[in-house]
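*Asks:* Can you keep this structure in mind? I'll have questions shortly.
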Amino acid sequence: MNNDEAKLILANYTLEDAPLNDARFDEALLVAKEDPELMSWWERARDRDREIQGKLLQFEPPSDLKAALHASVEGVSKGKGRRRSFMKYLALATSLALAFNLYYKYGIDRSDEYTGPLVERAFNYSFDGPRLSYFNKDTTKITDWLEGQDFELPSELPKRFLAQKGIGCRPLNWSDSKVAIICIDAEVVYHLFIARGEEFEDLDLKRSFEFEPRKAGWTVSKWESGGHVFVLTAKASQENLESMLAEYRP
């Protein structure tokens with residue numbers, strides 16, 4: 001397991017205690033123990049997320065919220081002109097319910113907060129270390145899982161990319177129909193982003209591959225095919241990315 005794959009796994013354990021009898025996590029932790037920079041990143045991420053967790057848990061809704069909601073509902077039903085009060089408390093209750101639902105379901109996760117053009121979002125998310133929803137070494141099971149989440153994958157994906165050892169995937173709320181990220185391990189981690197082209201019409205993409213060097217030795221490739229747009233990122237050279245796309249014709 002390399003550092004990038006270990007980072008993907010450790011990112012899912014900034015709030016939870018270390019899992020028991022989880023060979024994948026144990027291997028990732030061993031990699032971190034041998035790499036001070038990776039261990040320092042994980043410790044900072046845990047401290048930051050647990051600080052936010054603590055602040056959320058300290059928050060207490062107004063003690064009269066339930067009574068106020070009940071009174072407001074009664075007032076609205078009797079036409080007593082309490083709609084403004086009702087809407088105020090309803091908005092507060094809804095916000096609280098949403099915040100705590102997201103917190104308990106996903107923990108501290110900023111994956112959907114990335115903004116800007118798709119290529120920039122994809123690179124920044126890859127560089128920071130994405131969080132994944134599903135892990136599997138078999139890329140066939142990864143694509144099957146995404147389709148099981150009602151994500152429409154294109155009929156053709158790079159076969160050389162899919163022939164590598166899988167890491168995992170995730171649907172991202174970056175568009176109405178979501179954006180999928182698939183990660184594989186081929187000495188370094190490669191991140192493939194897939195989206196519906198109609199939702200990113202501002203992208204000026206060609207059917208042929210375009211490559212852009214990025215900071216710290218990263219490279220980004222982008223293209224379009226069959227109504228989908230693709231972004232492939234990795235801390236690797238253009239030649240390495242081209243090898244992942246060999247024999248694939250968009």
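Just so it is clear, none of the values below were taken in a lab; they were calculated from the coordinates. Keep in mind the model is a prediction, meaning the values are calculated, not measured. Please note: Cβ atoms are built from the backbone with ideal geometry, for glycine as well, and neighbour counts cover all protein chains shown.
*Asks:* If you stretched the chain out fully between Glu27 and Glu51, how much longer would it get, using 0.36 nm times the residue separation minus the C-alpha to C-alpha distance?
*Replies:* Gain on stretching Glu27 to Glu51: 6.0 nm.
*Asks:* With a cut-off of 8 Å between alpha carbons and a minimum separation of six or more residues, what is the relative contact order of region 114-244 in percent?
*Replies:* 20 percent
*Asks:* Within the set Lys7/Lys235; Lys141/Lys222; Lys215/Lys235; Lys141/Lys165, which residue pairs have Cα atoms separated by over 18 Å?
*Replies:* Lys141/Lys222
*Asks:* If the reach is capped at under 13 angstrom between alpha carbons, list the aspartates and glutamates near Lys206, excluding any in the same chain fewer than eight residues apart.
*Replies:* Glu224
*Asks:* Counting Lys and Arg as +1 and Asp and Glu as -1, each charge on the Cβ, what is the dipole of region 114-244 about the Cα centre in debye, to the nearest 20?
*Replies:* For region 114-244, the charge dipole is close to 500 debye.
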